[in-house]
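The values are calculated or read from the model by the stated rules, or taken from the named source; none is laboratory data. Quick caveat, the model's predicted, so the values are computed rather than measured. Cβ sites come from the backbone with ideal geometry, for glycine too, and all protein chains shown count toward neighbours. These area figures cover heavy atoms from the full protein model, side chains too; ligands, DNA and RNA do not enter into them. Shrake-Rupley method; radii C 1.70, N 1.55, O 1.52, S 1.80 Å.
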Amino acid sequence: MPALDGLRVLDMTQYEAGTSCTQALAWHGADVVKIEQPGVGDPGRGVGSGDAIDSHYFINWNANKRSVTINLRDERGKALLFEMLPHYDVFVENYGPGVMEKLGLTYEALKEVHPSIIYARLKGFGLSGPFANFKSFDPVAQNAAGAFSVTGEEGGPPMRPGACVGDSGTGMQLAFAITSAYVQKLRTGEGQHIEISMQEAMTYYVRTPVAGTQSWGDVAAERRGNGWNGPTDLYPCKPLPDSNGADDYLYIIALTTRMWDTFCAAMDRPDMVVDPRFADEQARIDNNDALKAEIRAWTLQHTKWEAMQILGEAGVPCSATHSTYDLFHNPHFEEREFIQDIDHPEWGPIRLLGWAPKMSKSNVPMIAAPLLAEHTREVLCDDLGIEGEEFARLEAEGIVSSRNGA
Amino acid sequence: MPALDGLRILDMTQYEAGTSCTQALAWLGADVVKIEQPGQGDPGRGVREDGLDSPYFVAWNSNKRSVAIDLSSERGRELLLELASHYDVFVENYGPGVMERLGLTYEALKSVQPSIIYARIKGFGLTGPYAEFKCFDPIAQNAAGAFSTTGFADGPPTMPKAAVGDSGTGMQMAFAIAAAYIQRLRTGEGQEIEISMQEAMTYCMRTYVSQTDGWGESVVPRNGNGFGFSASDLYPCKPAPDSDGSNDYVYIILTTSRMWDTLCTAMERPELTVDPRFVEDEERVEHQAELQEEIRSWTLQHTKWEAQEILAGAGVPCSATHDTYDLFHNPHFEARGFIQHLDHPEWGAIRQLGWAPRLSGSNVAMTAAPLLGQHTAQVLCDDLGIEAEEFAKLDAEGIVSGHRSGLSG
């Protein structure tokens, strides 16, 4: 039985921040019904694809959902959404500032027809404060949360982190908040309003650099590239065959003297354990260049996979720089079945990265993202008993749409 | 009423990946009891020369209670198993094999509390060839592709310093625990949850992964601060007074022609909207260097705050580069009450960043991280009925300990 079996989510999300939230809910068993505009749908469907077929981007963020198209610019379409509403526990949206208000889909309006709805809103800078109306995308949130300022080379400019945590890192916190609110609803019967700001959510992941200043916010944390004191750093490795070398690196962390000794033994360099230049933590900081040159001399003799195997096995915390290609081609994910081979109705066989939490009693198989309007007929029939002639009329009037009459 | 009121967590987490998970549960109202080794406790406490808990520990352990039990003693382990029957969830993020050596496996806990939710955070998971490998945040980020997509095109991979490998995993685990708790409320059954930091980190990589033209068959390269659109980049600003300039930048994103027009108007450069070099996306890509130069000449005339105010106010998605000082000193967080002013029993008045999800019907007041052993006496009394004399004996034998100052929360 899926953990969130029976939880029904009316999903008005787009791009990544909102879709990552509802996808996670779906992967724990919630029934996620995505409401989209007939014709276009989630603009994420078109990102980067340039043709009629759904983008990789969309398919990565909308697995296990159903798609229903309703024209919300038409009063009758809106009325239809309100009729559906009492069949759902949660409403989620991440449109730009003011869009839900313009559509008349506020918490007050929804609560009137469904008092126990959990109404969840994801906004760039939140609903209040001087920046409330500012637009946001992932890097805007990351830059506004300090993540750029601590990433990059010492002396260089701030750097955009290449993982979209401003988006999906916010989506995760909202999924958790929604689930918690649902626990409360199961107990009290009451729904509530949830708001999350991408800027604020992103700061959760910056708490450690903040704390690294040993102050309570009165000192700015600096950029320090990849290195820490001592041996901890990113080291170049022997390029793999056919590699351009761009990702042939190994990151190594060795903070304590014990880890350093283990590290030297693993490199087959017991002489370095007793080398006075590296005898204790202070000495390793004082002779950092010499120390790193010794390590580099060893890593350059091994490919990143060899080096990771040797050091990892010996107990040295380290990892090869995985490119996005490597994520889909490595023995570890393979053995753990983290890569999902699934079928998409138009793309055919595709591969997606899996979902990290593994629950012993709550398995949910992964299903490809829905085509636009794939489930309009099914959901309107199940939720509202609308079918046959009535459905055809709604479709003819452009209030809903279905896929090739399916 | 807090959303997770009544949910009780036996917390054996340390550093950040686990502590970020249980802190989030506490902020939604769970009762989180942190079990620590007498003397040292969570190594994240950091033991500074002045004897104070580190700001790092304080940042990740708000709203928890601390109970110090020596789990290397037989009696200490017995006490933990006695406690377990009073809890819904057990969470740990120790290194590979540590719980097995302590005899605190799912089987052992299940035998005293059949419906326990037993949650484990591991660097590379419990199975697969890397299962025994040790992990810290940058290890998980590097192994999940985040280094490979961060940095300049001609430079090495770069470490993203937001510690998402740790706390991003913690968030997914908190969510999974809440979901498992719902299942338990319905069925009465617990379960085991496992999460790999490497795998959890890849959730935030899905957008970069999808930029290839296949399903994982090519490498997405690093692209500096650019974001796929010609004008989207980080631009230098006029340094604010007393600034060294290192974070005087504004990030601007433009995804459509309409946004470009809005930007030109906001910069008071309407002639650029009709400049044939920049008229459509194709032209803007072809003349990217000139286009960025036009923007840069404008941003350099404004501080990052001015630039943000003008551009974002006009509807251009952008943000000033906030350094970690700025996080605690800006009118927006102030107006929203995001910065929390707390009292710590030893540090005194401290400031902490708040918790992003705001629930209208589930408020939880934030409290400072506990001192080591601050709640040992309280929890052992409430849960097991162990009081004064018996407690003193356990304390004297070194099996449990209260806080050294005698403070009890």
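Check segment A:315-330 and report whether any residue there is under 30 Å from residue A:252 (Cα atoms), surrounded by fewer than 19 Cβ atoms within 10 Å (Cβ to Cβ) and facing chain B (nearest Cβ under 7 Å). Please lay out each step first, then the result.
We begin by selecting, within segment A:315-330, every residue under 30 Å from residue A:252 (Cα atoms); these are A:315-330.
From what is left, the residues that are surrounded by fewer than 19 Cβ atoms within 10 Å (Cβ to Cβ) are A:315, A:329.
Adding the requirement that they be facing chain B (nearest Cβ under 7 Å) leaves A:315.
Checked segment A:315-330: at least one residue is under 30 Å from residue A:252 (Cα atoms), surrounded by fewer than 19 Cβ atoms within 10 Å (Cβ to Cβ) and facing chain B (nearest Cβ under 7 Å).
Please go through segment A:15-32 and give me each residue that is more than 8 Å from chain B (Cβ to nearest Cβ) and surrounded by 24 or more Cβ atoms within 10 Å (Cβ to Cβ), ordered by number.
Scanning segment A:15-32 gives A:17, A:18, A:19, A:21, A:22, A:23, A:25, A:26, A:27, A:30, A:32.
With respect to residue B:136, is the statement that it is aromatic (Phe, Trp, Tyr), out of contact with any Asp or Glu (no Cβ under 7 Å at 6 or more places or on another chain) and open to solvent by 10 Å² or more (accessible area, probe 1.4 Å) true?
On the way: aromatic (Phe, Trp, Tyr): yes; out of contact with any Asp or Glu (no Cβ under 7 Å at 6 or more places or on another chain): yes; open to solvent by 10 Å² or more (accessible area, probe 1.4 Å): yes.
For residue B:136, the condition - aromatic (Phe, Trp, Tyr), out of contact with any Asp or Glu (no Cβ under 7 Å at 6 or more places or on another chain) and open to solvent by 10 Å² or more (accessible area, probe 1.4 Å) - is met.
Would you please list the contacts, defined by Cβ atoms under 6 Å and residues six or more apart or on different chains, that run from a residue in segment A:63-78 that is in contact (Cβ under 8 Å) with a residue 12 or more places away in the chain to a residue that is among the basic types (Lys, Arg)?
A:65/A:34; A:67/A:34; A:72/A:78
Within segment A:391-406, track down each residue that is open to solvent by 70 Å² or more (accessible area, probe 1.4 Å) and under 16 Å from residue A:81 (Cβ atoms).
Within segment A:391-406, just A:397 meets the criteria.
Would you pick out the residues in segment A:141-157 that are facing chain B (nearest Cβ under 7 Å) and either in contact (Cβ under 8 Å) with a residue 40 or more places away in the chain or assigned to a loop (DSSP other than H, G, I, E, B) (or both)? Can you show your working first?
First pass over segment A:141-157, keeping only residues facing chain B (nearest Cβ under 7 Å): A:143-152, A:157.
If the condition is that a residue be facing chain B (nearest Cβ under 7 Å) and either in contact (Cβ under 8 Å) with a residue 40 or more places away in the chain or assigned to a loop (DSSP other than H, G, I, E, B) (or both), then A:144, A:145, A:146, A:147, A:148, A:149, A:150, A:151, A:152, A:157 are the ones that fit.
Let's see how each residue does on (1) over 27 Å from residue B:119 (Cα atoms); (2) free of Cβ contacts under 8 Å to residues at least 60 places away in the same chain:
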| position | (1), (2) |
| --- | --- |
| A:325 | yes, yes |
| A:329 | yes, yes |
| A:355 | no, no |
| A:370 | yes, no |
| A:384 | yes, no |
| A:394 | yes, no |
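Yes or no: segment B:100-116 includes at least one residue that is surrounded by 20 or more Cβ atoms within 10 Å (Cβ to Cβ), of a type in the set (A, V, I, L, M, F, W, C) and away from chain A (no Cβ under 14 Å).
yes
Go through segment A:163-204 and give me each residue that's assigned to a helix (DSSP H, G or I), of a type in the set (Gly, Ala, Ser) and open to solvent by 10 Å² or more (accessible area, probe 1.4 Å). Explain how you work it out, then say what you get.
Filtering segment A:163-204 down to residues assigned to a helix (DSSP H, G or I) leaves A:165-188, A:198-204.
Restricting the remaining residues to those that are of a type in the set (Gly, Ala, Ser) gives A:166, A:168-169, A:171, A:175, A:177, A:180-181, A:201.
Passing the criteria: none in range.
Per-residue answers, yes or no, for (1) among the hydrophobic types (A, V, I, L, M, F, W, C); (2) touching a residue at least 24 places away in the same chain (Cβ under 8 Å); (3) within 23 Å of residue A:120 (Cβ to Cβ); (4) surrounded by 19 or more Cβ atoms within 10 Å (Cβ to Cβ):
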residue: B:301; (1), (2), (3), (4): no, yes, no, no
residue: B:304; (1), (2), (3), (4): no, yes, no, yes
residue: B:336; (1), (2), (3), (4): no, no, yes, yes
residue: B:363; (1), (2), (3), (4): no, yes, yes, no
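I'd like to verify a number: residues in segment B:183-208 that are hydrophobic (A, V, I, L, M, F, W, C) and surrounded by fewer than 24 Cβ atoms within 10 Å (Cβ to Cβ), how many? Working first, answer last.
Start the filter on segment B:183-208 by keeping residues that are hydrophobic (A, V, I, L, M, F, W, C), which leaves B:185, B:193, B:195, B:197, B:200-201, B:204-205.
After this cut, where a residue has to be surrounded by fewer than 24 Cβ atoms within 10 Å (Cβ to Cβ) as well, the list is B:185.
The total comes to 1.
Conditions (1) open to solvent by less than 20 Å² (accessible area, probe 1.4 Å); (2) in a loop (DSSP other than H, G, I, E, B); (3) of a type in the set (Phe, Trp, Tyr); (4) under 17 Å from residue B:139 (Cβ atoms), marked per residue:
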residue	(1), (2), (3), (4)
A:228	no, yes, yes, yes
A:235	yes, no, yes, yes
A:238	no, yes, no, no
A:250	yes, no, no, yes
A:261	no, no, no, no
A:271	no, no, no, no
A:295	yes, no, no, yes
A:308	yes, no, no, yes
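Quick check on my filter: what residues within segment B:53-83 are hydrophobic (A, V, I, L, M, F, W, C) and open to solvent by less than 30 Å² (accessible area, probe 1.4 Å)? First the steps, then the outcome.
First pass over segment B:53-83, keeping only residues hydrophobic (A, V, I, L, M, F, W, C): B:57-60, B:67-69, B:71, B:79-81, B:83.
B:57, B:58, B:59, B:60, B:67, B:68, B:69, B:71, B:79, B:80, B:83 - these are the residues of segment B:53-83 that are hydrophobic (A, V, I, L, M, F, W, C) and open to solvent by less than 30 Å² (accessible area, probe 1.4 Å).
Here is a list of conditions, (1) in a helix (DSSP H, G or I); (2) open to solvent by less than 80 Å² (accessible area, probe 1.4 Å); (3) within 19 Å of residue A:140 (Cβ to Cβ); (4) touching a residue at least 60 places away in the same chain (Cβ under 8 Å), and residue B:310 meets all of them except one; can you say which number that is?
Against the list (1) in a helix (DSSP H, G or I); (2) open to solvent by less than 80 Å² (accessible area, probe 1.4 Å); (3) within 19 Å of residue A:140 (Cβ to Cβ); (4) touching a residue at least 60 places away in the same chain (Cβ under 8 Å), residue B:310 comes up short only on (4).
Quick one: in segment A:257-282, which of the residues that are β-branched (Val, Ile, Thr) and under 19 Å from residue A:233 (Cα atoms) is farthest from the chain's Cα centre (by Cα)?
Initial filter on segment A:257-282 (β-branched (Val, Ile, Thr)): A:257, A:262, A:273-274.
Filter again for under 19 Å from residue A:233 (Cα atoms), leaving A:257, A:262, A:273.
Working: A:257: 36, A:262: 35, A:273: 42 Å.
My answer is A:273.
Look through A:207, A:160 and report the one residue that is within 8 Å of chain B (Cβ to nearest Cβ), in a helix (DSSP H, G or I) and of a type in the set (Lys, Arg).
Working: A:160 fails: in a helix (DSSP H, G or I).
When all the criteria are applied, what remains is A:207.
Could you tell me how many of the residues in segment B:215-255 are part of a loop (DSSP other than H, G, I, E, B) and either out of contact with any Phe, Trp or Tyr (no Cβ under 9 Å at 6 or more places or on another chain) or of a type in the set (Asp, Glu) (or both)?
14
Test of understanding: among B:187, B:265, B:212, B:202, which residue is at pLDDT 95 or above and within 19 Å of residue A:247 (Cβ to Cβ)? Full working, then the answer.
Working: B:187 fails: within 19 Å of residue A:247 (Cβ to Cβ); B:265 fails: within 19 Å of residue A:247 (Cβ to Cβ); B:212 fails: at pLDDT 95 or above.
On inspection, the qualifying residue turns out to be B:202.
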